[in-house]
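Trainee: One structure coming up, written as structure tokens, with questions to follow.
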């Protein structure tokens with residue numbers, strides 16, 4: 001027989017469970033709200049190929065400056081014999097010697113201070129330093145381009161005491177070609193660690209635009225938003241270890257990522273001529289940004305692919321720190337035989353669900369169209385969707 | 001005097017409920033661009049003869065879903081030339097853009113479990129049973145059919161040349177809105193004659209209240225469905241600022257300063273729409289622009305069902321590099337805080353859209369309410385003064401806050417959560433949005 005006490009317990013338990021499972025305001029990483037950590041999964045620079053990435057980072061806080069500690073992670077592999085970036089050992093031939101092409105994942109860090117509401121942009125190939133920053137000194141209220149140190153230097157105005165970008169430095173990416181990711185973490189400028197508790201606000205937002213100057217003069221541009229990881233504010237501890245997940249310091253990264261795409265080789269339904277190709281970028285949500293423990297950023301991506309006939313295909317792939325590949329080269333070296341090839345799937349559009357085993361995965365996708373008859377090409381990047389429940393992950397700062 | 005003995009478990013239950021209530025009410029769920037939802041807004045859809053759009057919608061669940069979709073066409077014709085326009089500034093000097101009717105056209109789609117689907121806006125998509133020998137990995141340009149399960153016809157949008165938006169919401173078998181939070185979407189806009197494309201994610205509103213009434217009003221109030229954001233943050237180049245990469249390369253397409261300017265278009269849609277009564281919503285969109293020197297500028301424009309154009313059409317100076325002085329800028333866009341009359345019957349003398357302080361100022365059954373929220377996307381056009389070629393890229397905005405809060409006339413949100421005016425203090429109104437769904441007309445869409 002249930003006693004009154006037990007009935008009460010059951011009601012409370014039911015309510016807690018029921019409401020706990022009800023949809024909350026936000027539980028995942030997101031690409032549409034300012035956050036305390038922003039991840040740009042794809043930074044792509046190749047000076048010889050006229051390709052660069054413009055990074056935009058903005059402070060959404062209306063009253064406070066924000067300092068971001070940022071980390072480029074070099075996703076290039078390098079030849080053991082020449083030290084040059086490579087994609088495979090076939091590129092490591094030096095005379096009679098063939099080297100191995102091994103991944104490295106080196107980290108380059110820097111600090112950026114953003115004044116209230118300030119947008120900032122830079123070329124990843126060139127970085128930003130010195131006078132390249134907009135606010136390196138105090139300026140006149142009636143002429144923001146005029147530096148000053150006192151009111152007397154601003155006829156008709158005053159010398160503002162607003163915060164500046166002083167002390168900021170964005171280095172260029174460490175080598176070209178460069179492909180990798182960028183993480184920026186909101187920190188206390190004095191300690192270099194995430195601010196304690198409610199001082200850790202969700203103020204950063206960003207976009208990355210990969211631009212390629214094509215031989216015909218076309219500027220191919222592909223923009224996607226940075227993926228944000230929001231702080232849970234009061235739960236935040238002032239340590240170098242950022243814990244992500246339900247009820248943790250930061251919101252969790254999703255267990256399942258969903259990518260909508262055209263199948264590789266599908267014919268563009270608009271012009272009925274161009275052929276589609278989609279490139280997928282995945283980076284683990286867990287990462288040691290000191291570079292000491294690459295094993296933290298490892299995962300296995302399990303892919304489920306659906307075509308428009310509701311047919312399902314599957315494959316899996318190991319992800320170590322940084323993964324980028326055309327869809328039809330994920331499961332095979334022969335793209336024509338891939339489950340992402342339109343001639344295999346049969347339909348134009350597809351859905352790929354990616355479940356991470358190990359560290360959760362953050363993704364970007366880039367659709368490219370190649371029109372052989374017009375000899376033109378173009379691309380567009382987009383943020384992928386997420387599903388399932390937030391998983392537990394860790395970000396380690398140096 | 002009779003004394004009620006206090007039951008410690010009921011007291012505990014009350015405490016838990018209060019705490020849960022505080023937790024539950026501590027934040028309104030906001031719209032999303034990266035999670036499956038029940039209502040999808042595609043704020044920018046173009047099929048005007050120079051550009052066209054590919055829509056992708058996917059069912060992410062293991063159950064079939066049905067969705068009712070509405071195109072809203074916000075094009076008109078220039079007064080003399082007759083050219084397609086959506087703003088006066090789209091027309092030659094001295095002409096106006098007339099007959100922007102905000103014409104809506106609806107259709108229905110069904111998706112099997114986990115099914116993705118696409119269609120090309122200007123042609124729509126025919127059911128695939130019309131294909132006797134379907135092509136593999138391509139759509140048939142003649143029959144407008146594509147390989148895949150497709151039993152319904154997706155028509156071309158209404159009104160010929162199309163500039164406007166698309167909204168799709170999940171419905172049950174009776175065409176009544178329901179929420180399974182199963183659909184997601186993307187739009188790819190292509191410049192015809194080129195391979196230049198821009199892509200953005202649809203803005204989704206998740207169904208929150210599984211016990212809510214099934215009716216034809218989709219309440220974007222943070223209780224039944226996600227609320228519209230209070231404002232959006234958009235990063236963009238200052239108008240006419242040089243492309244950072246092209247200008248530094250100093251290649252043939254950009255030999256000197258000012259030769260490779262970037263221009264930004266914005267598309268804005270009110271969060272509220274009434275398809276059942278075919279009434280249009282007008283909102284004043286307000287911009288707070290910040291340059292890299294932390295200097296602020298402002299601009300505003302009326303948005304009647306849809307606004308799409310370049311930033312310098314919205315205001316010729318405030319977004320311009322000559323004013324801003326920096327390459328990049330951030331714009332925060334929101335609807336004005338003033339109240340307007342809304343919801344009245346236009347044929348009954350309602351003064352919908354007129355500013356007001358209370359219901360007594362409104363006529364024809366209209367009530368005095370906060371302006372509707374706004375959704376937007378931006379698209380950059382990287383141009384070259386030398387080669388005239390260009391590249392395009394679209395991006396979703398970032399959401400700040402959510403509506404579903406009490407609002408003071410001309411003064412903004414109070415922070416008090418609400419879903420109806422009755423939950424707000426006297427003189428305040430609850431800023432929520434709604435979509436008035438119309439029951440699908442089976443006769444028009446076999």
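The values are calculated or read from the model by the stated rules, or taken from the named source; none is laboratory data. The shown structure was predicted, so the numbers you read here are calculated from the model rather than taken from an experiment. Using ideal geometry, Cβ is built from the backbone for each residue, glycine included, and neighbour counts are taken over all protein chains shown.
Trainee: List the strands (runs of 3 or more DSSP E) inside the range A:134-245, counting only whole elements, that have at least 3 residues being over 18 Å from the mean Cα position of the chain (by Cα) and within 19 Å of residue B:294 (Cα to Cα).
Mentor: It comes to A:143-147.
Trainee: Checking the structure you have, find out if any residue of the range A:85-100 is surrounded by 19 or more Cβ atoms within 10 Å (Cβ to Cβ), more than 31 Å from the chain's Cα centre (by Cα) and touching a residue at least 24 places away in the same chain (Cβ under 8 Å).
Mentor: Scanning the range A:85-100, I find no residue that is surrounded by 19 or more Cβ atoms within 10 Å (Cβ to Cβ), more than 31 Å from the chain's Cα centre (by Cα) and touching a residue at least 24 places away in the same chain (Cβ under 8 Å), so the answer is no.
Trainee: Specify which of the listed residues (B:264, B:282) is at pLDDT below 90 and either under 20 Å from the mean Cα position of the chain (by Cα) or more than 10 Å from every other protein chain (Cβ to nearest Cβ) (or both).
Mentor: B:282
Trainee: So in the range B:394-436, with the set limited to residues that are within 22 Å of the chain's Cα centre (by Cα), away from chain A (no Cβ under 14 Å) and in a loop (DSSP other than H, G, I, E, B), which one is farthest from residue A:208 (Cα to Cα)?
Mentor: B:419
Trainee: Also: Only one residue in B:57, B:46 is buried (at least 24 other Cβ atoms within 10 Å of the Cβ), in contact (Cβ under 8 Å) with a residue 40 or more places away in the chain, facing another protein chain (nearest Cβ under 10 Å) and touching a strand residue (DSSP E or B) at 6+ places or on another chain (Cβ under 9 Å). Which one?
Mentor: Answer to the check: B:57.
Trainee: Hey, another quick one. When you go through (1) part of a strand (DSSP E or B); (2) surrounded by fewer than 19 Cβ atoms within 10 Å (Cβ to Cβ); (3) away from every other protein chain (no Cβ under 13 Å); (4) touching a residue at least 24 places away in the same chain (Cβ under 8 Å) one by one for residue A:290, which number turns out not to apply?
Mentor: (1)
Trainee: Pick out, from the range A:295-397, the strands (runs of 3 or more DSSP E) lying fully within it that include 3 or more residues that are at the interface with another protein chain (Cβ under 7 Å from one of its Cβ atoms).
Mentor: The qualifying strands (runs of 3 or more DSSP E) are A:349-358, A:361-371, A:376-383, A:385-391.
Trainee: Looking at (1) touching a helix residue (DSSP H, G or I) at 6+ places or on another chain (Cβ under 7 Å); (2) surrounded by fewer than 23 Cβ atoms within 10 Å (Cβ to Cβ), can you tell me which one residue A:52 breaks?
Mentor: Every condition holds for residue A:52 apart from (2).
Trainee: Also: Would a scan of the range B:49-57 turn up a residue that is over 28 Å from residue A:353 (Cα atoms), at pLDDT 90 or above and not in a strand (DSSP E or B)?
Mentor: Within the range B:49-57 (the criterion being over 28 Å from residue A:353 (Cα atoms), at pLDDT 90 or above and not in a strand (DSSP E or B)), the answer is yes, since at least one residue qualifies.
Trainee: Within the range B:242-261, can you find the residues that are part of a strand (DSSP E or B) and either at pLDDT 95 or above or farther than 20 Å from residue B:314 by Cβ (or both)?
Mentor: B:242
Trainee: Being crowded, with 22+ Cβ neighbours inside 10 Å and within 18 Å of residue B:412 (Cα to Cα) is the filter here; which residues of the range B:333-360 pass it?
Mentor: Matches in the range B:333-360: B:333, B:334, B:335, B:339, B:340, B:341.
Trainee: Condition first: within 15 Å of the chain's Cα centre (by Cα) and more than 30 Å from residue A:201 (Cα to Cα). Now tell me which residues in the range A:260-299 satisfy that.
Mentor: Passing the criteria: A:279, A:280.
Trainee: I would also like to ask the following. If residue A:342 satisfies all but one of (1) touching a strand residue (DSSP E or B) at 6+ places or on another chain (Cβ under 6 Å); (2) modelled with pLDDT of 95 or more, what's the number of the condition it fails?
Mentor: (1)
Trainee: Based on what the data block shows, is residue A:204 crowded, with 16+ Cβ neighbours inside 10 Å, at pLDDT 85 or above, more than 19 Å from residue B:394 (Cβ to Cβ) and touching a helix residue (DSSP H, G or I) at 6+ places or on another chain (Cβ under 7 Å)?
Mentor: Criteria not met by residue A:204.
Trainee: Still on this structure, please answer the following. If residue B:329 passes every condition in (1) within 14 Å of chain A (Cβ to nearest Cβ); (2) assigned to a strand (DSSP E or B); (3) surrounded by fewer than 24 Cβ atoms within 10 Å (Cβ to Cβ) but one, which one does it miss?
Mentor: Among (1) within 14 Å of chain A (Cβ to nearest Cβ); (2) assigned to a strand (DSSP E or B); (3) surrounded by fewer than 24 Cβ atoms within 10 Å (Cβ to Cβ), the lone unmet condition for residue B:329 is (3).
Trainee: Can you name every residue in the range A:270-282 that is in a strand (DSSP E or B) and either more than 30 Å from residue A:251 (Cα to Cα) or modelled with pLDDT under 95 (or both)?
Mentor: A:275, A:276, A:277
Trainee: Here are some conditions: (1) away from chain A (no Cβ under 14 Å); (2) closer than 30 Å to residue A:211 by Cα. Residue B:272 meets all but one. Which one does it not meet?
Mentor: (2)
Trainee: Just checking, does the range B:126-139 include any residue being assigned to a strand (DSSP E or B) and either buried (at least 20 other Cβ atoms within 10 Å of the Cβ) or out of contact with any helix residue (DSSP H, G or I) (no Cβ under 6 Å at 6 or more places or on another chain) (or both)?
Mentor: No, the range B:126-139 has no match at all.
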